Amino acid sequence: MSFAREPLPKATTIKLFKSLFLARRSEEYIVKHYAENLMRTPMHMSMGQEFVCVGVCSALEGKADVFASYRSHAAFLAQTHDTDRFFSELYGRTSGTGEGKGGSMHLAAPDQGHILSSGVVATQIPVAVGAAFANRQLKTGRTSVVFFGDGAADAGVFWESINAAALFKLPVIFVCEDNGYAVDTPREARQVSKSLSDAVKPFGADTYEDDSGDVESVYSLAKEAVAKAHRDRRPAFLNVKCCRYLEHVGIGTDWNWGYRDQATVEREWIDRDALKVQRARLAKHQVTESAIAAMEDEIDKAIQASVKRASQAPIPTPDRLHAGVFYEKA
Amino acid sequence: MRKLDYAGAIREATTQEMERDSRVFVYGIGVPTWSSIFGTTKGIPEKFGKERCFDTPISEDAMTGFGLGAAIRGLRPIHVHIRVDFMILATNQLINMVSNYTYSTGGKLKVPLVVRAVIGRGWGQGAQHSKALFSNFTHIPGLKVIAPTTPSDMKGMMIAAIRDDNPVICFEHRWLYWAEEDVPEEPYEIPLGVGRILRPGKDVTVVGLSWMNVEARLAADILAKRGVSVEIVDPRTLAPLDENLIVESVKRTGRCIIADCDWVDSGFSAELSARINEKCFGKLKAPVKRIGFAQTPAPTVRELENEFYPNAKTIVHAVEDMLGLEAANLDGEDFFSHERRFRGPF
């Protein structure tokens, strides 16, 4: 179902558009320049799915502690909008989120609320539960949000985490980016339950299904779910259907793999691409084409500037290899 | 000074740190219950409440990730496993997550997490309640690993572990819980990464791990009657290792036996042996000897257990072999068993 509440305020529509555009254009830059072999880190692209992270992070207005999977780009950019540290990390520079030691799968900017991303399926999920506990004990007012794919719902730790969050009455927002595949294995080959939400509900979480493909729907859903989770001291499970446009890892398409039909994907998803829909909404808010183009140009310029800064930033010196294995007080 | 046992030392360290720092909490399967992990958490739930001392589902994987999340967002968790064998369920988080997030965030994230694991032989514990697995964790960069032997070391090292901004795994041999000695009442820290000479000697160095220091002490007493002087070195911290203390001891004695309560093959004793060979090559009067579990799963029946687990006899005979002495008749000696608890002092 869709949770869109028409119309959202114009400022929100613009904010969501810009955030979507930032994630999309950043990844389009990666696609264009990956072959230069300067970003030497496996990329699990968010393209097509960005609206999930953008909708949720925008709804939390910076007050989220975000935990993401290896498909981390949209989650990182939706939360931080920090293309400087993003590209610096992909280019392996000291100015990156992990001075080049993390790469695409380990993006982390804890000071900006993107706590960590993880490359092993489902490992980030329980971490979000512990963070929610810390947020409650320390009364930070922050909300713990975890993004993962439907493949992660195959893992025992997902169910352990839902159970623990409900048992400890923690308002964790579990967001399943349900693109239907674990690499190229369809959900039907991995899970008996027709509906993840139905399976999760008895564990004590409020569950929501969103198949709108629409960032405003996800935004409204997240607002509702977060408020209820805090009010009722319960976790929320948001199952948001989405589509990964590119291959599991890498910058290409995978139509030749044969596990999904290009024409069907185009008809069901790409034709109603969330960014395209959001751009069209701007016109309904009487934002002129030239004003939209100006916004897009501003973001493109910011990305270009970040890339330039990244490529000019220092590469870690060899002595940095042994630094930071253990935390050292500043 | 009053006497305190090893379990009491853990309890006192935990209690004092929880009083000092409201961010410290302790949790795990069975932690707040009547049995209270060999008494190590007794009284803590009553004193600090359910938010700071709580039970968990039998979900070691998730509850370890939970500890990581709490630690990186400002708390200082202590996660307890009643058997290290059950902690294997937590290794995905410990090895893939807990150990490497400081590094892969360029040193930004601190992970002040203590993970306690009960190890060792009990009473017919069989193959799944008796392991140590030191080297599974010392193998991993980013984890600190401690295995204190004495109550006073345990108290100081537990306090240091809780105050450390890095993940620390603490191995506690279950036969040590009853050991008593004088332990200072006030809080104090024993720095991690610093070993200790438990008994000075000149003929042979025995590097003991955890419980094996108790066995080494008895072996040293038996051998002393024959004029053999044994130096016992307790690394206390396995990672990062106080290599220098061990190396200097072996250079003095020229002989080294490593007594582990774990498997020998690819075990921590192999790491120690390699380092000693690298650093003491010209000074060694005999090859380094390693003592540990038989390379089989742990059996349950007592007669086979006695073959499986090394003890003071094993150490005595190893020293005799190394020094070219006749094997002594040990029939009159008093060896430890589960029924005849070691209560100290060391």
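Here are the numbers:
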item: All positions within the range A:312-328 that are more than 7 Å from chain B (Cβ to nearest Cβ) and charged (D, E, K, R); result: A:D319, A:R320
item: Test: residue in the range B:44-63 that is at the interface with another protein chain (Cβ under 10 Å from one of its Cβ atoms), assigned to a helix (DSSP H, G or I) and aliphatic (A, V, I, L, M); result: yes
item: Given (1) more than 7 Å from chain A (Cβ to nearest Cβ); (2) hydrophobic (A, V, I, L, M, F, W, C); (3) part of a loop (DSSP other than H, G, I, E, B), number of the condition B:I78 does not satisfy; result: (3)
item: Residues satisfying the stated conditions in the range A:145-197, i.e. part of a helix (DSSP H, G or I) and of a type in the set (S, T, Y); result: A:S161, A:S197
item: Considering residues of the range B:83-97 that are in contact with a strand residue (DSSP E or B) (Cβ under 8 Å, 6 or more places away or on another chain) and within 14 Å of chain A (Cβ to nearest Cβ) only, the residue surrounded by the most Cβ atoms within 10 Å (Cβ to Cβ); result: B:L94
item: Count - residues of the range A:110-123 that are in a helix (DSSP H, G or I) and within 8 Å of chain B (Cβ to nearest Cβ); result: 2
item: Answer from B:G67, B:G142, B:G122 - the residue that is part of a loop (DSSP other than H, G, I, E, B), within 14 Å of chain A (Cβ to nearest Cβ) and in contact (Cβ under 8 Å) with a residue 40 or more places away in the chain; result: B:G142
item: Filter pass, B:G107 being of a type in the set (G, A, S), surrounded by fewer than 23 Cβ atoms within 10 Å (Cβ to Cβ) and more than 7 Å from chain A (Cβ to nearest Cβ); result: no
item: Filtered residue count, the range B:1-30, keeping only those that are within 14 Å of another protein chain (Cβ to nearest Cβ) and within 19 Å of B:M63 (Cα to Cα); result: 7
item: Criterion (under 19 Å from the mean Cα position of the chain (by Cα), over 21 Å from A:C57 (Cα atoms) and either away from chain B (no Cβ under 14 Å) or in contact (Cβ under 8 Å) with a residue 40 or more places away in the chain (or both)) met by exactly one of A:Y181, A:Y219; result: A:Y181
item: Matching residues in the range A:260-293 - criterion: being more than 17 Å from A:K10 (Cα to Cα) and of a type outside the set (A, V, I, L, M, F, W, C); result: A:R260, A:D261, A:Q262, A:T264, A:E266, A:R267, A:E268, A:D271, A:R272, A:D273
item: Residues that are within 9 Å of chain B (Cβ to nearest Cβ) and in contact (Cβ under 8 Å) with a residue 60 or more places away in the chain, drawn from the range A:88-104; result: A:T94, A:G96, A:E99, A:G100, A:K101, A:G103
item: Residue within the range B:35-58 that is closer than 29 Å to A:A108 by Cα, surrounded by fewer than 23 Cβ atoms within 10 Å (Cβ to Cβ) and touching a Leu at 6+ places or on another chain (Cβ under 6 Å) present; result: no
item: Subset of the range A:65-81 [under 23 Å from A:Q278 (Cα atoms) and buried (at least 24 other Cβ atoms within 10 Å of the Cβ)]; result: A:R71, A:S72, A:H73, A:A74, A:A75, A:F76, A:L77, A:A78, A:Q79
item: Which numbered condition B:E248 misses (of (1) on the phi < 0 side of the Ramachandran plot; (2) in contact (Cβ under 8 Å) with a residue 24 or more places away in the chain); result: (2)
item: The range A:139-157: number of residues that are facing chain B (nearest Cβ under 10 Å) and crowded, with 24+ Cβ neighbours inside 10 Å; result: 3
item: A:F133 being on the phi < 0 side of the Ramachandran plot, more than 8 Å from chain B (Cβ to nearest Cβ) and not in a loop (DSSP other than H, G, I, E, B); result: no
item: Elements of type helices (runs of 4 or more DSSP H) contained in the range A:198-290, each with 3 or more residues being surrounded by 14 or more Cβ atoms within 10 Å (Cβ to Cβ) and hydroxyl-bearing (S, T, Y); result: A:215-232
item: Of residues in the range B:212-263 being part of a strand (DSSP E or B) and acidic (D, E), the one nearest to B:G195 (Cα to Cα); result: B:D234
item: Filtered residues of the range B:210-223 (kept if under 15 Å from the mean Cα position of the chain (by Cα) and not aromatic (F, W, Y)); result: B:S210, B:M212, B:N213, B:V214, B:E215, B:A216
item: Test result for B:S130, of a type outside the set (A, V, I, L, M), more than 14 Å from every other protein chain (Cβ to nearest Cβ), in a loop (DSSP other than H, G, I, E, B) and crowded, with 21+ Cβ neighbours inside 10 Å; result: yes
item: One residue from B:L325, B:L330 being modelled with pLDDT of 85 or more, touching a His at 6+ places or on another chain (Cβ under 9 Å) and assigned to a loop (DSSP other than H, G, I, E, B); result: B:L330
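Rundown of residues vs (1) part of a helix (DSSP H, G or I); (2) within 14 Å of A:F87 (Cα to Cα); (3) of a type outside the set (S, T, N, Q), yes/no style:
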position: A:M39; (1), (2), (3): no, yes, yes
position: A:S46; (1), (2), (3): no, no, no
position: A:F51; (1), (2), (3): yes, no, yes
position: A:C57; (1), (2), (3): yes, no, yes
position: A:F67; (1), (2), (3): no, no, yes
position: A:R71; (1), (2), (3): no, no, yes
position: A:A74; (1), (2), (3): yes, yes, yes
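The values are calculated or read from the model by the stated rules, or taken from the named source; none is laboratory data. For clarity, every value in this text was computed on a predicted model and none was experimentally measured. Glycine also receives a Cβ, built like all others from the backbone with ideal geometry; neighbour counts cover every protein chain displayed.
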